[in-house]
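The block underneath contains the structure these notes are about, expressed in structure tokens.
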Amino acid sequence: MFYETARNDHGLPHDPFKSCVVPRPIGWITTIDAAGGLNLAPFSYFNACGDHPPQVMYAPSGPHAAEGGAKDSLHNVQETGEFVANLATWEQREAMRLSSSGVPSSVDEFALTGLETEPARLVRPPRVKGAPIHLECRLHKVIELLADDPGRFRNWLVLGEVVGVHIDDSIITDGRVDQSKFRPIARLGYADYTTVDSHFAMPFPD
Ligand SMILES: Cc1cc2nc3c(=O)[nH]c(=O)nc-3n(C[C@H](O)[C@H](O)[C@H](O)COP(=O)(O)O)c2cc1C
């Protein structure tokens, strides 16, 4: 099959795009606003996107239905310039799901989910306790992406420099991050997810 995205004439019951680029890791993003209000939300438009220095991205779309404005994860990072990307895992999948609820800015998703915070070392937003990997990040820049109908719905890309990395010692085996202990979850499109439960190695070409 082929479809032209401007026409969206795929003829399928659901738009297949998000099922084509998979699996997408889930950056569970902690931010704070200028008054110190906490926010936590998952983003599957999330990835590492550079090295030296390490860099990550997440892409909030909006407006947020509950607020009529940008998502807190965009607004806060623009206001205070920092975030923590916590890596979501199988163990914390239910809390991750709940933290995506469309609640007003005044609602702290830590209180909503029962999750606890741990302080970060180099940035003000806290870490999600229990997540085995946390990336402490400083905002590099926000880029506005294309939007079909910007008056209704807009898309942004938040780029951050990773200034500190926490890795729980319990997921390190023989000096390497052990994916079988880490068990990150990732998005597959629709309401489907996967976990990293298998891997294979291939040598770099000469
Ligand atoms: C697994 C998962 C992945 C998500 N990925 C994104 C994403 O990449 N971009 C986005 O705008 N919303 C995404 N969402 C929805 C946001 O998490 C949700 O809108 C959240 O309420 C935003 O919160 P905020 O206003 O507190 O920033 C995702 C939700 C789930 C459950």
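The values are calculated or read from the model by the stated rules, or taken from the named source; none is laboratory data. Not measured: the values here are computed from a predicted model. Cβ sites come from the backbone with ideal geometry, for glycine too, and all protein chains shown count toward neighbours. Keep in mind that these areas ignore ligands, DNA and RNA; they rest on the heavy atoms of the full protein, side chains included. Shrake-Rupley method; radii C 1.70, N 1.55, O 1.52, S 1.80 Å.
Here are the numbers for this structure:
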quantity	calculated
Segment 142-183, accessible surface, carbon-and-sulfur percent (1.4 angstrom probe)	48
Å² per residue, accessible surface of the chain at 1.4 Å	59
Listed peptides 148-154, 104-110 by packing density, highest first (mean Cβ within 10 Å)	104-110, 148-154
Expected 222 nm ellipticity per residue - DSSP helices of 4 or more, -39500 (n - 2.57), all of the chain, to 500	-3000 deg cm²/dmol
Partners for Lys141 among aspartates and glutamates (Cα-Cα distance below 18 Å; same-chain residues under 8 apart left out)	Asp33, Asp51, Asp72, Glu79, Glu82, Glu161
Alpha carbon centroid spacing (whole Å) that separates segment 171-190 from segment 1-33	23
Inter-label distance, nm, simple model (7 Å from Cα along the C-beta direction), Asp148/Glu4	1.4
Reachable lysines, given that their alpha-carbon falls under 17 Å from the alpha-carbon of Lys129 and they are not under 8 places away in the same chain	Lys181
Protection proxy ranking, peptides 23-36, 87-100, 182-195, 162-175, average beta carbon neighbours within 10 Å, highest first	23-36, 87-100, 182-195, 162-175
Kirkwood Rh (inverse of mean 1/r, distinct Cα pairs), the chain, angstrom	18.1
Partners for Lys18 among aspartates and glutamates (Cα-Cα distance below 12 Å; same-chain residues under 8 apart left out)	Asp192
